[in-house]
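Here's the structure, in structure tokens; my notes come after.
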């Protein structure tokens, strides 16, 4: 497949340029970002200038291969990047189709390491270079993953646009399951923004359509979002039950990690601290991505603060010292840190954390977090976080079953 070479290159891959500039010189992070940047620039030049860019004697290819060989031998991105160069040199003319799946795999490596801005850049590159006629499924999946990364980074307008584009292509391609996933993504964005009526409407439509089309995996994903919706409404017992049902039905390790992390968060709010700690310990031991492990660490800060365990609180915060967190996780970390700092006698530091959390939440339109930070700044945090008139806590047999199962799972990985 020939591609047009009339497009100007322009400045692309700003996230990689920034990563190179911010990393310590010759550090693993700097080498990794440099290799990725050179690879992406080579692809752009290849599409623009043709196969001459990947001739064996090409300076660009030599530079890319040298940068890749500087990566750690155990870095999964190393083999993926080498495979990309090999694929480009194998085809006689510029043909992006065999390259895009490898590029998608590279984005996945970055995403697993929680390098979300870099992963988003690569997914966006696939979206820019792919053609719906030839790369329909991969384009949809790239927009879905792009939306996920953007949501975690707090750029909710961008995430909404990416999920919507995935839905449009899915509809044209008659990809029902992927179309449902785009709707689920939009529902998660609505929940994140605090627009619960919109999320509820979307989830009702998703439930009907996934049942009609026998899309079991998408139904399970929607269940997970429904648990978040129940949590936002203060129905904690229902949130745990729905999430546990989703956990039992889920067949993918990443989804199970995400659901288990949310269950841990719900249990913290229910004062079921031992069960919450079991859930978080399981994720720490078995979580397959850095994102879920980081969220578990943030929740451990919340657990320590709410259970009034100062030793655990200090240790949990120390584990996150200097760690870059996605936007929503950073806001949660600041709020829960402030809760603990206030409790343990550091009121001034707590106020600074809350002011930073509020400003960051405003920047990313995280409405619930804005309200929570402002309530705590006004010394009314109990009215939001612990008001028993608003929070429905159920001590039922299903809840006991969940806690027992979590204890078994924690003991198995201890």
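The values are calculated or read from the model by the stated rules, or taken from the named source; none is laboratory data. Small disclaimer: the values here were computed from a predicted structure and weren't measured. Quick reminder, even Gly has a Cβ in these numbers, built from the backbone with ideal geometry, and neighbours come from all protein chains shown.
Any residue that is under 18 Å from the mean Cα position of the chain (by Cα), free of Cβ contacts under 8 Å to residues at least 12 places away in the same chain and outside any loop (DSSP other than H, G, I, E, B) - is there at least one of those in the range 276-295? Checked against the condition, which is being under 18 Å from the mean Cα position of the chain (by Cα), free of Cβ contacts under 8 Å to residues at least 12 places away in the same chain and outside any loop (DSSP other than H, G, I, E, B), the range 276-295 yields at least one hit. Consider the range 41-67 and keep the residues that are touching a helix residue (DSSP H, G or I) at 6+ places or on another chain (Cβ under 6 Å) and in contact (Cβ under 8 Å) with a residue 40 or more places away in the chain. The one that is nearest to residue 107 (Cα to Cα) is 42.
Out of all the residues in the range 328-349, is one or more assigned to a loop (DSSP other than H, G, I, E, B), surrounded by fewer than 24 Cβ atoms within 10 Å (Cβ to Cβ) and out of contact with any helix residue (DSSP H, G or I) (no Cβ under 6 Å at 6 or more places or on another chain)? Lay out the reasoning, then the answer.
Here is the first cut: in the range 328-349, the ones assigned to a loop (DSSP other than H, G, I, E, B) are 344-346.
Filter again for surrounded by fewer than 24 Cβ atoms within 10 Å (Cβ to Cβ), leaving 344-346.
The next check asks that each one be out of contact with any helix residue (DSSP H, G or I) (no Cβ under 6 Å at 6 or more places or on another chain); those that pass are 345-346.
Checking the range 328-349: at least one residue is assigned to a loop (DSSP other than H, G, I, E, B), surrounded by fewer than 24 Cβ atoms within 10 Å (Cβ to Cβ) and out of contact with any helix residue (DSSP H, G or I) (no Cβ under 6 Å at 6 or more places or on another chain).
Pick from 288, 259: which is modelled with pLDDT of 95 or more and more than 22 Å from residue 334 (Cβ to Cβ)? Write out each step before concluding.
Working: 288 fails: modelled with pLDDT of 95 or more.
Only one candidate qualifies: 259.
Here residue 50 fulfils each of the conditions (1) at negative phi; (2) over 24 Å from the mean Cα position of the chain (by Cα) apart from (1).
Does residue 58 meet the test of being over 29 Å from the mean Cα position of the chain (by Cα), at pLDDT 95 or above and more than 21 Å from residue 116 (Cα to Cα)? If you could, list the steps in order and put the result at the bottom.
Values: over 29 Å from the mean Cα position of the chain (by Cα): yes; at pLDDT 95 or above: no; more than 21 Å from residue 116 (Cα to Cα): yes.
The answer is no for residue 58.
Summed over the range 267-285, the residues that are at pLDDT 95 or above and closer than 18 Å to residue 331 by Cα give a count of 1.
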